[in-house]
């Protein structure tokens, strides 16, 4: 055997061995040593094949800016009171503006200097005179707005990751998609509705004092004293399972928020055999809770989650330990989920579901089976066509075609790529197109043979003349596949991957491997007629 | 075995009038259908909306399912059979409001209250918001555009600009006709179809380049025969390969169309149409365009030379 042939044969053999090693965990993971299965994962299946949930959540970043303005407003109010500046009001106006209204120019200049010193992120805007008052307008600087939005999205991603981790999904994916979108993929999830409830919840926990002197019925009619708001308490009748909503008027000012929580756990109330969530505040929270309960004994405090009142118990005594409990109309799973979201923290801004694709496991299985059938039937038809048309040479093409599919799978496994349904379609398409390179070569060889060349010369000429054509034709398809890879998400990306990998593998097998096989058979024998 | 005799000599270029009429007719039919139906028929990926795929334990009718869902007040609702047997259906709703987030559960409950508990399984639920749909649509168009630019650059580099123009026009021709076919046959354009379009672009170009490559080779050998003869000769020489490769590719795509299942159906449809048209266009569109371009440019060229002579 010539040295070049040995070298080339060795390379093919090496590729084959590597493919076998990397593909083995797909078929016999149990009987392989750990280092083997550790180094080579089985081919990763996309959500459309194994079932699961694909979610795109949009973070409402404008809300984050608004809440930032609200907290700044509180700070300004506190500062002005502290410095004894006389002012009429501080308020948030439409268009993300803050306005401080004062009575005279002296107070105005006081406000100016205080604001400049303490709130460098606020930009002063126009002054307006309004019925004898001076109204000073401020807004957040553009970089600060961008900061707030950016922080909100990052924080949301972090919180969602915490929630998913506690939810218990194997191999979840969470990533920032574009400026305010977060992509979440949960493979093999059993209860999609529960996942949505868990992920979509803002989980903003607030403790607010109940405004006992306001009649809720008046509030429903629209008569609300300033500084109070109308909320509803959900109640489920234990016997009938009916849900009722009780109106409740609370003070707008939040006494305490869930940011100060240290832990939340589900417990079972032994008296009614009902679940509740036990919460522990951190040291700051515990101190505040102590102060509030001490000052409000005998009054009711509403526990509010995302503007729904869970319960509004009467404070019977001062609570100094920093523990409290949230009870309400929920079953054990709802209580578990509530504890999860409280532990994971609240989202800095509400999120909206922009895209949700959920595939059940049975459909995924069907898709795999149909995909395999398509590959088999398509492959068989091509193999038959090649064998009939090119006889023994067609057999060579068929051998390299089978090798090709084998290599594609191995490459997918090595690159840890994800196989999706369009990805399987990509493999099917590759099978059809892969023989093209061999067809081109064989047609060239036939032409050369017709010119009267010997078998060896015709082979040489056929391969070398067809080579550039094949490269040119395949590079263009590769360009389309690469663009697709850039553009695509999920399943479509899978198609781009298998198409690209398929092109590379088929170039290698159709040009290189098939030549090795021909050379191997032609080396020692003098062949007068090529079966082509 | 030989399907095409090596001595075949069909005058492809001479039939360009018929080819132009045929292509024009296909494009016009497609465009008229698109106009009548008010644009492409986008699936929920691009239009936004909600889609739920349900499988029953028994055979039923779309109208009955619609009845069962009436109480949900989902607005315009489409229920259509999915696959061969009448036990699997797709339910589509246009709106994607927040209340629809638990839609799959609501639908399952509504159906179970009519058909009995455990009679239905939600196999797939997709919800795409209008903003995401719009973004995907734009990104899809950009992808096709970028792919074409990339190809234009590569073909210009490897061949000449006039080849690239012919190739790209042939591609536009293929995509337009496939788009028209989607409209005529009421197929929905969803995300995988964009992938199919790009695959068609790749495939059709593959075909075109192989003919172009032969034209380039033959121009060196038989350049004095004139471009028309060279083009004809090249198409004939590569005809056997063109038919065989298209044949094998069509075989596998047909397998995908028949056995691949409903989820991949429109994708396979796009490929089926695209490969047929792509094969046709590389013979009857791309190469004659080369001659057309050459004749126009040739005319200008001689004028320029004449001018130069006077000066």
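The orientation-averaged projected area of the convex hull spanned by the Cα atoms of the range A:27-167 comes to 14.3 nm².
Peptides A:257-269, A:198-210 ranked from most to least packed give A:198-210, A:257-269, packing being the mean of other C-beta atoms within 10 angstrom over each peptide's residues.
Just so you know, the Cα atoms of the range A:397-520 work out to an Rg and Dmax of 15.8, 53 Å. Calculated [222 nm] ellipticity per residue, helices only, for chain B: -23500 deg cm²/dmol; basis is -39500 (n - 2.57) per DSSP H run with n ≥ 4, divided by all residues, nearest 500. Max-minus-min Cα coordinates of the range A:1-84 on each principal axis give 99, 34, 25 Å, with the largest extent listed first. Hey, what did chain A get for relative contact order, percent, Cα under 8 Å, at least 6 apart? Across chain A, relative contact order equals 18 percent.
When both the range A:31-60 and the range A:445-493 are represented by their alpha-carbon centers, they are found 33 Å apart. Computed from Cα atoms, the angle from the helix B:265-284 axis to the main principal axis of chain B rounds to 10 degrees. Take each residue of peptide A:372-382, count the partner chain Cβ atoms within 10 Å of its Cβ, and average: the result is 6. In this rough spin-label picture, where each label sits 7 Å from Cα along the Cβ direction, the residue A:265-residue B:258 distance is 6.4 nm. Shown is the FRET efficiency for residue A:320 and residue A:93, computed with R0 = 30 Å from the Cβ-Cβ distance and rounded to the nearest 0.05: 0.15. Considered as an equivalent ellipsoid built on the Cα gyration tensor, the range B:11-82 has semi-axes of 43, 16, 11 Å, the largest given first.
Take every pair of alpha-carbon atoms less than 8 Å apart whose residues are at least six positions apart; their mean separation over the length of the range B:49-128 yields a relative contact order of 47 percent.
Sorting the Cα pairs of the range B:49-128 by distance into bins of 10 Å, from 0 upward, gives 19, 60, 20, 0 percent per bin. Counting Cβ atoms of other protein chains within 10 Å of each Cβ in A:362-368 and taking the mean gives 4. Between the Cα long axis of helix A:490-507 and the first principal axis of chain A there is an angle of about 20°, rounded to the nearest 10. For the listed peptides B:244-250, A:131-137, a ranking on the average number of other beta carbons within 10 Å per residue, highest first, reads B:244-250, A:131-137.
Compute the Kirkwood hydrodynamic radius of the range B:148-271, taking the inverse of the mean of 1/r over all pairs of distinct Cα atoms, and give it in Å to one decimal.
One decimal place: 16.0 Å for the Kirkwood radius.
With semi-axes defined as the square roots of five times the eigenvalues of the C-alpha gyration tensor, the equivalent ellipsoid of chain B measures 50, 21, 15 Å, largest first. Suppose R0 equals 60 Å; then what is the FRET efficiency for residue A:454 and residue A:166 from their Cβ-Cβ distance, rounded to the nearest 0.05? For residue A:454 and residue A:166, the calculated efficiency is 0.25. Radius of gyration (Cα atoms) of the protein assembly as shown, expressed as a multiple of 2.2 N^0.38 Å: 1.23.
When both the range A:415-435 and the range B:237-288 are represented by their alpha-carbon centers, they are found 16 Å apart. If R0 is 56 Å, the Cβ-Cβ spacing of residue A:118 and residue B:7 corresponds to a FRET efficiency of close to 0.05. Report, to the nearest 10°, how far helix B:130-158 tilts away from the longest principal axis of the Cα atoms in chain B, using its own Cα long axis and a range of 0 to 90°. With both axes taken from Cα atoms, the answer is about 20 degrees. For the range A:62-145, the alpha-carbon coordinates run over 33, 26, 17 Å along the three principal axes, in decreasing order.
Each of the peptides A:65-73, B:5-13 was scored by the mean count of other Cβ atoms within 10 Å over its residues; in descending order, highest first, they stand as A:65-73, B:5-13. Here, the range A:201-358 has an Rg and a Dmax of 16.2, 50 Å when only alpha carbons are counted.
Sort A:390, B:203, A:463 so that the residue with the fewest other Cβ atoms within 10 Å of its own Cβ comes first and the one with the most comes last.
A:463, A:390, B:203
Just so you know, all these numbers are worked out from the coordinates, no wet-lab data involved. Just so we're clear, the structure is a prediction, and the values are computed from it rather than from any experiment. Note that each Cβ is placed from the backbone with ideal geometry, even for glycine, and that neighbours are counted across all protein chains shown.
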